[in-house]
Every structure is written in C-alpha cells, then in structure tokens.
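The values are calculated or read from the model by the stated rules, or taken from the named source; none is laboratory data. Note that this is a predicted model, so its numbers are computed, not measured. Side chains are part of the model used for accessible areas, which takes the heavy atoms of the whole protein and leaves out ligands, DNA and RNA. Shrake-Rupley method; radii C 1.70, N 1.55, O 1.52, S 1.80 Å.
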Amino acid sequence: MAKQTNIRLDEDVKAAAEDRAKRRGLSLQGYVADLIEADVNQSRAAFMAGAASFLAAYTDAFEAEIGEDRYPGLPDQPAKTGSRDAA
C-alpha cells in the first residue's frame, strides 16, 4: 500500500520538475516517485554487489575460521515435537 509524503520545493525547482514530468508523460507525483525508486534501487544494487564481492574475497577465510557448519549451535536434525513422538 502506497503512503503519502509531502515535500517542499523552490518554485523554480518545482516548475522544472513539472516540465520534466510532462515530457515523460507523468504527473509530478509519478516523476518524483520514479526518481526516488531509481535512487533506492541503485543504492540497493550497489550494496548487494559490494556484499557479494566481500563474501567472494573472504570465503576461504570464513570457511577456515568457521568450517562447514553454517549454523553453529543448531542441531543437525530438526527437533521432534508433537503427539506422534510422545507414543
């Protein structure tokens, strides 16, 4: 569900944004929403690329330190629960 957000713009900036929105066939609201979404997605993609690069660079070190157990402290088998196990 979309949420409403209010922003304040200088008159000149608003006029320029309305012009750009019109050229793209968008409302000012749609234009601003597209700009914000593009910025968020670009930031997310850059973070994920950096995280993947970091993990690739240090995989051997992690495996040497931690070993194959990716979830230390958890049992190898799921815990048995429920009435079937009580019998």
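Give a residue-ordered list of calculated ³J(HN,Hα) values for the range 7-19 (Karplus: 6.51 cos²θ - 1.76 cosθ + 1.60, θ = phi - 60°; whole Hz; x for Gly, Pro).
So the J values, rounded to whole Hz, are 10, 10, 10, 4, 4, 5, 5, 4, 4, 5, 5, 4, 5.
Short version: ³J(HN,Hα) in whole Hz for each residue of the range 29-34, in order, from phi by Karplus 6.51 cos²θ - 1.76 cosθ + 1.60 (θ = phi - 60°), x for Gly and Pro, what are they?
For the range 29-34, the Karplus curve yields 4, x, 5, 5, 4, 4 Hz.
Please list, in order along the range 52-60, the HN-Hα scalar couplings obtained from phi with the Karplus expression 6.51 cos²θ - 1.76 cosθ + 1.60 (θ = phi - 60°), rounded to whole Hz, x for Gly and Pro.
After applying 6.51 cos²θ - 1.76 cosθ + 1.60, I find 5, 5, 4, 4, 5, 5, 10, 4, 4 Hz.
Roll a 1.4 Å probe over the protein chains and send me the accessible area per residue for the range 1-55 in Å².
Per residue, the range 1-55 has an accessible area of 92 Å².
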